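The values are calculated or read from the model by the stated rules, or taken from the named source; none is laboratory data. In this text the structure is predicted, and so the values were computed from the model without any measurement. All Cβ positions, even for glycine, are placed from backbone atoms using ideal geometry, and neighbour counts span all protein chains on display.
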Amino acid sequence: MQRTPSGQAPTAPRIPLRGRDGARWLFVALAFAATTLNYLDRQSLSVLAPVLETQLHMSNAQYGRVLAAFMLAYTIMNGISGPAIDRLGTKTGYLLTVAWWSLAEMLHVFARGTAGLAVCRFLLGGGEAGNWPAGVKVVAEWFPPEERSLAAGVFNTGSSVGAVLAPPLIVWITLRFGWRAACGAVGAAGFVWVLLWARVYPRGAGAGLRSARSSAGDPDLHPASDAATAPPAPLRSLLRSRFLWQFTVAKVFFDPVWYFYTFWYPEYLKVGRGYSLRQIGATAWIPFLGAGLGNLVGGAAGGWLVRRSATALAGRKLAATGFMLAMAAGWLIAVDPSNLRSMAFACLAGFGYTAALVNLLALPGDLYPSSSVASIWGLASMGSGFGGMVFSMLTGWMVDRWSFLPAFYFFSLLPLIAAAAVWTMPQTAGRPTQ
């Protein structure tokens, strides 16, 4: 068990919740709902891209720059939102980030050109950056190591559900009421979540994991868990961690692959496959079913490997790198002439991404106190934001200059680089000094 400098095991007050086990899954369910809304808001632009390119006279290169505005804010705020959530606490931090991005999505109603759209996406990216640091913190506070990848898989399934719902829902609203109404509606839904979260989630929930573990009669599942009430680690201490830097490098090449499918796949269906807006609404959600399955399979597989590995890190690495290899099949999406098989390969790529991601989501909680996991995830995600920003502009340039084919080849190579970064992580990542 991890000790304080004085040699005493830190104590944590029990949280007076009835049905504690059910409560922690309720909190994960709310994180799932927030992630679903996050992706409804995020996907609104990619689904509406064929309409906006006509109405706002955008080229693919301009569309890429609008996406880069989102990623720029996402990059900056990942480094700010993670430490901020650790200091504000999960309840307040999560509430503020969802309120921010929901308001930003509603502001899209007032966009009149490419510049205005870019400003709205910049604001949206700044708010959405806080969702995963907050979700990771919920999981670390309430779940022991062998359950974390499954809990992370449950809340991260919201990204797939949001991506599945976005095409038919946004197209339906757009065809009947216009694209501005679609943005306003999905943004307003976020404030319903804010009211529920404010009412349900307890303050000072850092003791949740200790309480749940004590109820199970297992007080020492993992040493990092016992520091649930430790103060957040200083930023300078986190930045000296080799794990953080290698984790960041992995995310530079890993997450932008998902951003490519999220932001560009509907446009590819239009340009590369000749789909109409109605056809996009009817089919663009299908590959994200594979991603939804990946969340649950990856979470279960990660937990199984953790129980059978020498360390939690070894199990996570094996699971994450194995699923990253499945993502490398993405180039077949563009080269197979069959629309059905092309979509099946897109499902496989999405499955590989989310199955690997849920194991990465669990990593910070395995190695650091829950009071610092949002900071770790947020700082590392600055790498994914930077990669997404650069690669979004590069994608627009490639599509305008050539076609989608070189883009699919490029984004099939990136997971291999990310897998190498994960696999070569040190088996004992140093914890920051408090």
Inset, instruction - Filter region 129-152 down to residues that are at pLDDT below 85 and more than 19 Å from residue 23 (Cβ to Cβ), then give me how many there are. - result: 3
Legend entry - Qualifying position, being more than 30 Å from residue 402 (Cβ to Cβ), surrounded by fewer than 24 Cβ atoms within 10 Å (Cβ to Cβ), out of contact with any strand residue (DSSP E or B) (no Cβ under 8 Å at 6 or more places or on another chain) and at pLDDT below 85, among 237, 225: 237
Legend entry - Number of the exception - residue 351 against (1) within 21 Å of residue 424 (Cα to Cα); (2) buried (at least 22 other Cβ atoms within 10 Å of the Cβ): (1)
Legend entry - residue 164, sole failed condition from (1) modelled with pLDDT under 90; (2) assigned to a helix (DSSP H, G or I); (3) in contact with a Ser or Thr (Cβ under 9 Å, 6 or more places away or on another chain): (3)
Legend entry - Filtered residues of region 281-312 (kept if over 21 Å from residue 258 (Cα atoms) and more than 20 Å from the chain's Cα centre (by Cα)): 304, 305, 306, 307, 308, 309, 310, 311, 312
Inset, instruction - Please verify whether region 416-433 includes one or more residues that are more than 26 Å from residue 283 (Cβ to Cβ), of a type in the set (Phe, Trp, Tyr), in a helix (DSSP H, G or I) and touching a residue at least 24 places away in the same chain (Cβ under 8 Å). - result: yes
Legend entry - Residues that are in a helix (DSSP H, G or I) and exposed (fewer than 13 other Cβ atoms within 10 Å of the Cβ), drawn from region 324-340: 335, 340
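Please pick out the residue among 392, 370, 375, 384 that is at pLDDT below 85, buried (at least 16 other Cβ atoms within 10 Å of the Cβ) and assigned to a loop (DSSP other than H, G, I, E, B).
Details: 392 fails: assigned to a loop (DSSP other than H, G, I, E, B); 375 fails: assigned to a loop (DSSP other than H, G, I, E, B); 384 fails: assigned to a loop (DSSP other than H, G, I, E, B).
Going through 392, 370, 375, 384 in turn, the sole match is 370.
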Inset, instruction - Scan region 254-279 and report the pairs whose first residue is under 14 Å from residue 159 (Cβ atoms) and surrounded by fewer than 23 Cβ atoms within 10 Å (Cβ to Cβ) and whose second residue is among the aromatic types (Phe, Trp, Tyr) and modelled with pLDDT under 90, with Cβ atoms within less than 6 Å and a gap of 6+ or a chain change. - result: none
Inset, instruction - Scan region 307-323 for residues that are buried (at least 19 other Cβ atoms within 10 Å of the Cβ), in contact (Cβ under 8 Å) with a residue 40 or more places away in the chain and either over 23 Å from residue 244 (Cβ atoms) or of a type in the set (Phe, Trp, Tyr) (or both) and jot them down. - result: none
Legend entry - Residue satisfying condition, being touching a residue at least 60 places away in the same chain (Cβ under 8 Å) and either of a type in the set (Ser, Thr, Tyr) or closer than 13 Å to residue 257 by Cβ (or both), within set 357, 348: 357
Legend entry - Residues being crowded, with 24+ Cβ neighbours inside 10 Å and at pLDDT 85 or above - total across region 292-301: 2
Legend entry - Matching residues, region 113-156, being among the β-branched types (Val, Ile, Thr) and surrounded by fewer than 24 Cβ atoms within 10 Å (Cβ to Cβ): 114, 119, 154
